[in-house]
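Heads up, the thing below is written out as structure tokens.
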Amino acid sequence: MRAFAVVVVALSLAATAEARPAKKKRVAIDAPAPRERVAPVAKALRDRSIGAPWSGRLQAPAKLKGGDGYVIRRPLRAFGTRTTVELVKDAVTNTLEAFPKTHVLAIGDISAERGGWITEHASHQSGRDVDLGLFYKKKPAGYPRSFVRATKANLDPAATWKLVWELAKTSTQDGGAQIIFLDYEVQGIIYRWAKEHDVSAKRLSRVFQYPNGRYSATGIVRHFANHDNHLHVRFKCRDRDTQCR
Ligand SMILES: [Zn+2]
């Protein structure tokens, strides 16, 4: 028993002795230059979408920041996964570049900083849902503060098609668009314009549920009630979001 105790003491002394050079090493690691280079990379990969859009949360999120040509209606709800934020930003930027004379675009809610339930939504809980306004021939009264119902008379189908396509085409990539909710009649307005302007039948059927009926499970853009004034984009779970549903 005593011999065992001696061994333990000897071992812990050895451990203490070993701990000392390690301390010296730490000083070297703490030197500012390498630390600055390493830290941002690790942080960029930490964001996670957890659970389902209607029962989920968000970890280490990215924030969509304001910029030229678009308005973030509620900055406290502009948090998403890094992928969601980047894909939305790219789609919006590409559309605004193609239509430099169009009015400002309304960007609605993504998620709260930690995700979870927020007022006015069942989903938007895990950083993968985004509400985006539409483009109009003339900026309607109240927009971009509020979303405005689209009709054949007021909708700008060219700019709106561009935005829909920029989002829909991400569907082939990790964390790309999974589904976009938009009223069936409004889909029809954009679809007919695109068809008349030489968008291929193949592309149209990939993008729109229209004209197969509002309950048809075809296309990325699907009918949903009360979605005649904005696009609701849901992005897919990324490979690294192992707890995402
Ligand atoms: Zn929504």
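Only one of (1) part of a loop (DSSP other than H, G, I, E, B); (2) under 22 Å from Gly188 (Cα atoms); (3) open to solvent by less than 30 Å² (accessible area, probe 1.4 Å) fails for Glu166. Which number is that? For Glu166, the failing item is (1). When Phe181 is tested against (1) within 16 Å of the ligand (Cβ to nearest atom); (2) more than 23 Å from Ala52 (Cβ to Cβ); (3) open to solvent by 20 Å² or more (accessible area, probe 1.4 Å), exactly one condition is not met: (2).
Pull up the range 78-107, narrow it to residues that are within 14 Å of the ligand (Cβ to nearest atom) and closer than 21 Å to Ser171 by Cα, then point me to the one that is nearest to the chain's Cα centre (by Cα). Applying the filter and picking the extreme gives Thr84.
Going by the structure shown, is Lys137 exposed (fewer than 14 other Cβ atoms within 10 Å of the Cβ) and at pLDDT 95 or above? So Lys137 fails the test.
Taking residues in the range 74-90 that are within 8 Å of Ser111 (Cα to Cα), and partners anywhere that are modelled with pLDDT of 95 or more and of a type in the set (Ser, Thr, Tyr), the pairs with Cβ atoms closer than 9 Å and at least 6 places apart or on different chains are Arg77/Ser111; Ala78/Ser111; Phe79/Ser111; Gly80/Ser49; Gly80/Ser111; Gly80/Ser126. Within this structure, Arg203 passes the test of being out of contact with any Ser or Thr (no Cβ under 6 Å at 6 or more places or on another chain), open to solvent by 20 Å² or more (accessible area, probe 1.4 Å) and more than 14 Å from Tyr184 (Cβ to Cβ). Looking at this structure, is Gly175 open to solvent by less than 60 Å² (accessible area, probe 1.4 Å), part of a helix (DSSP H, G or I) and not hydrophobic (A, V, I, L, M, F, W, C)? Considered against the rule, which asks whether it is open to solvent by less than 60 Å² (accessible area, probe 1.4 Å), part of a helix (DSSP H, G or I) and not hydrophobic (A, V, I, L, M, F, W, C), Gly175 comes out as no.
Going residue by residue through the range 113-128, is there one that turns out to be away from the ligand (no atom under 16 Å from the Cβ) and surrounded by 21 or more Cβ atoms within 10 Å (Cβ to Cβ)? The answer is no; no qualifying residue exists.
The values are calculated or read from the model by the stated rules, or taken from the named source; none is laboratory data. As the structure is a computational prediction, the values presented were derived from the model and not from experiment. Note that each Cβ is placed from the backbone with ideal geometry, even for glycine, and that neighbours are counted across all protein chains shown. Calculation scope for accessible area: heavy atoms of the full protein, side chains included, ligands and nucleic acids excluded. Shrake-Rupley method; radii C 1.70, N 1.55, O 1.52, S 1.80 Å.
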